[in-house]
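Enquirer: Take this structure first; my questions come after.
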Amino acid sequence: MLRIRNLHASIDDKQILRGINLEIKAGEVHAIMGPNGSGKSTLASVLAGRSNFEVTEGSVEFMGNDLLELSPEDRAREGMFLAFQYPVEIPGVSTTNFIKAAVNETRKYRGHEHLDAVAFLKMMKEKMKLVQIDQSLLSRSLNEGFSGGEKKRNEIFQMAMLEPRLAILDETDSGLDIDALRIVANGVNQTRNKDNAFLLVTHYQRLLDYIVPDHVHVLYKGRIVKSGTRELALELEEKGYDFIKAEFESAEQA
Amino acid sequence: MYEENDDILGQVTTSEYKYGFVTDIESEDAPKGLNEDTVRYISAKKNEPAWLLEWRLKSFRHWQTMEEPTWPNVKYPPIDYQDIIYYSAPKQKIAPNSLDEIDPELRKTFEKLGISLQEQKRLTGVAVDAVVDSVSIATTFKEELAELGIIFCSMSDAVHEHPELIKKYLGAVVPPTDNYFTALNSAVFSDGSFCYIPVGVRCPMELSTYFRINAANTGQFERTLIVAEAGSYVSYLEGCTAPMRDENQLHAAVVEIMAMEKAEVKYSTVQNWYPGDKEGKGGIYNFVTKRGICQGAHSKISWTQVETGSSITWKYPSVILKGDHSVGEFYSVAVTNNYQQADTGTKMIHIGKNTKSRIVSKGISAGRSNNSYRGLVQVGRNAGNARNFSQCDSLLLGDKCGAHTFPYIEVKNNTGIVEHEATTSKIGEDQIFYCNQRGIDTEAAVAMIVNGFAKEVMNQLPMEFAVEAQKLLAISLEGSVG
């Protein structure tokens, strides 16, 4: 589904990603972990197409397309979803209307009919249960005055509504209390199936207690320096990132 | 609402100023230039009584002593008032007695504008007075309204059919000497709409005036006068468009509203005069004076305006709150793009006791445009317990445009409460990227964010206008981001 080869990216001439290689297949859940500043969120932003990052080398293939050639909106319409670390507020635009526009833009791109109000509301009701989100929240302006937890739940709700092929969750767990974390994880687990895939970007292994990944990767200084299974996450939890750093530095020197 | 929203997003892609066509109709023009003879010519053309000619000439003489105002935050080359045609009337073979007799070319014009003077309007229940260049072409629903005692007709007809009302109220709210452009308008006004709602009558339909400049080198000077007697109610809509032309054209209108005890008048404008091209060439100078007076106790006047057109807008729809407990409201969305300039706002003059006013102004600037809010809140010595709330928000698209706020507050009674809030924000790249990431392209995202920003004002518009206005916002800002 997604094949990243030797991806290099920079911002303001500062190199952040220095050769990422990663392949994600349908049905898989990958977790990317790493210390602050290792490039985790940059990877998420570059995949989604944020314009302030410049890809200097490498390629990304998504669903058979050259991802880097697609505009951010076409990447989304092709089925790539990014749950933002800091969801933005749009005053005066109700969450419901925003999602409706998003859903229908994607349907239009794929040559499907617009969802009418009745079908849309029915779909919304179903998905609302997944993330235990309240109707009243959805009638309010998008993310305006939402608590941190509400914003994150709203991201997962949008994910459920848009039914992406690949969902990238950028530190969706940060700032969540244990109940909210459980609700968010539950939303992911219920939408998980053999045709879609997830890329979880996280600091802590805590999230992985609830969403069990197939693969765990450690990102450090813009490269994936170690890959493994869930055990790797547990090891990181126990030892911290220092042992990775030590391993990496000695490898660099050698 | 969901469906409408989608339609609007879909229509964002339709481009350019779509009302820019010219109708090929013969017109009868006054010679270029302005002097007493021009004034006499216009008055004679309209077969006016002597008192009105006198009124015009007095206004003209006063205008000659005045200077064009220079305080607005707008720039334009000097206007040559001798290079303008002050009267232009589409030539009709006969005076139309019914809508069927109107020149088919003119009818087509209105059909292109989406205003059918015929049956369709019956269904939506909006009565229309259509003014092309200097004269009123047709007024619909006249008879139906007359049954309720409502007068809705062109100003020219009103002068002949209701002279006592015109004599009493013309210039009563906005005297000819008020400012440079009201004096000019009073001297040369050619037509406009008159509306009279008798005591206790609630006007059952929206009344609408549609203004269209067609002829070249012509100025448009119309007057609207609305008198709402005690306990009456009327909602009034005004729309305007003009062809695309390279030279600037002057529009200097006057609107007067008189609200008696417990009367309520709601006046909505969607102003879409030709704004000029992307380089700032051409476009309408929209120098308009609009004022209402809450004459009686518990009366209410509200102005709602969506300003997207004109190369320069200079206009401050105001309310004089004379009656005790009267209420004035001003809701405005002003959009400027490319080289457009707007200096607009309101005046709320509190004279009576327990009077209230509310100002919500949303300015949106894009391109190299300049958008200024200018507002006065005045609480007089005897205006005990006056309340005002003002909110002025500016939204910037890009970094070459300007947003300015000039609030003036004068309070002479210490029981008054005046609140003013102002914000300035930019459409953030992060907001647009967020929308993009959900599959919404940049044009649609801007339309959505702007409509969200303006929502509080848009909600004040009558339904049939709101949808149109939302589309207009999106279209006016096309190409302003990216």
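Where a number appears in this text, it was derived from the coordinates with a stated rule and is not lab data. Just so we're clear, the structure is a prediction, and the values are computed from it rather than from any experiment. Here the Cβ positions follow ideal geometry from the backbone for every residue, glycine too, while neighbour counts run over all protein chains shown.
Enquirer: To the nearest µm²/s, what D does Stokes-Einstein give for the range A:131-221 at 10 °C and 1.306 mPa s, using the Kirkwood radius over alpha carbon pairs as Rh?
Expert: On the way: Rh = 13.8 Å.
D = 115 µm²/s.
Enquirer: As I understand it, the dipole of the protein assembly as shown uses +1 on the Cβ of Lys and Arg and -1 on the Cβ of Asp and Glu, about the Cα centre. Which of B:I417, A:V184, A:A101 lies farthest toward its positive end?
Expert: Farthest along the dipole direction, towards plus: B:I417.
Enquirer: Okay, moving on. Going Cα to Cα from B:K58, which lysines come in below 25 Å? Please leave out same-chain ones fewer than 8 positions away.
Expert: B:K32, B:K45, B:K46, B:K167, B:K168, B:K290, B:K315
Enquirer: What does the protein assembly as shown give for Rg and for Dmax, in Å, if only its C-alpha atoms count?
Expert: Cα radius of gyration and Dmax of the protein assembly as shown are 30.9, 105 Å respectively.
Enquirer: Let me make sure I get this right: for the range B:354-466, a, b and c are the square roots of the gyration tensor eigenvalues over alpha carbons, sorted descending. Under 1.5 in a/c it's rounded, otherwise prolate if a/b > b/c, else oblate. Which is it?
Expert: Taking the square roots of the gyration eigenvalues as a ≥ b ≥ c, the range B:354-466 is prolate.
Enquirer: Only bridges whose two residues both fall in the protein assembly as shown count here: according to DSSP, what percent of them are antiparallel, nearest 5?
Expert: 20
Enquirer: Now, a different point. If you wrap a convex hull around the alpha carbons of the range B:314-396, what volume per residue comes out, as a whole number of Å³? Before the final figure, lay out the partial values.
Expert: On the way: hull volume 5.0 nm³, N = 83.
Per residue, the Cα convex hull of the range B:314-396 comes to 60 Å³.
Enquirer: Continuing with this model, one more query. Taking Rh as the Kirkwood radius computed over C-alpha pairs, what is the Stokes-Einstein D of the range A:93-250 at 25 °C in a medium of viscosity 0.890 mPa s, expressed in µm² per second?
Expert: Approximately 141 µm²/s, per Stokes-Einstein.
Enquirer: While we're here: Could you please tell me the mean projected area of the C-alpha convex hull for the range A:42-83, averaged over all directions and given in square nanometres to one decimal?
Expert: Averaged projected area of the range A:42-83's Cα convex hull equals 2.9 nm².
Enquirer: For the pair B:E279 and B:K168, what calculated FRET efficiency results from E = 1/(1 + (r/R0)^6), where r is the Cβ-Cβ distance and R0 = 45 Å, to the nearest 0.05?
Expert: According to the calculation, E is roughly 0.40.
Enquirer: Sort all Cα-Cα distances of the range B:381-433 into consecutive 5 angstrom bins from zero, then give the percent of pairs in each bin up to the one containing the longest distance.
Expert: Using 5 Å bins, I get a P(r) of 5, 14, 20, 15, 12, 10, 8, 7, 5, 3, 0 for the range B:381-433.
Enquirer: Name the most mobile residue of A:G187, A:G222, A:G175, meaning the one with the largest mean-square fluctuation, in a Gaussian network model of chain A with Cα contacts below 10 Å.
Expert: Of A:G187, A:G222, A:G175, the most mobile in the Gaussian network model is A:G175.
Enquirer: A further question follows. List the aspartates and glutamates whose Cα lies under 19 Å from the Cα of A:K129, skipping any in the same chain that are fewer than 8 positions away.
Expert: Reachable aspartates and glutamates: A:E150, A:E155, A:E163, A:D179.
Enquirer: Moving to a separate point now. Could you tell me the distance between the Cα centroids of the range B:150-228 and the range B:348-408, to the nearest Å?
Expert: With the range B:150-228 and the range B:348-408 each reduced to a Cα centre, they are spaced 26 Å.
Enquirer: Quick one: pull the percentage of alpha-carbon pairs in the range B:153-201 with a separation above 18 Å.
Expert: For the range B:153-201, the fraction of Cα-Cα distances above 18 Å is 34 percent.
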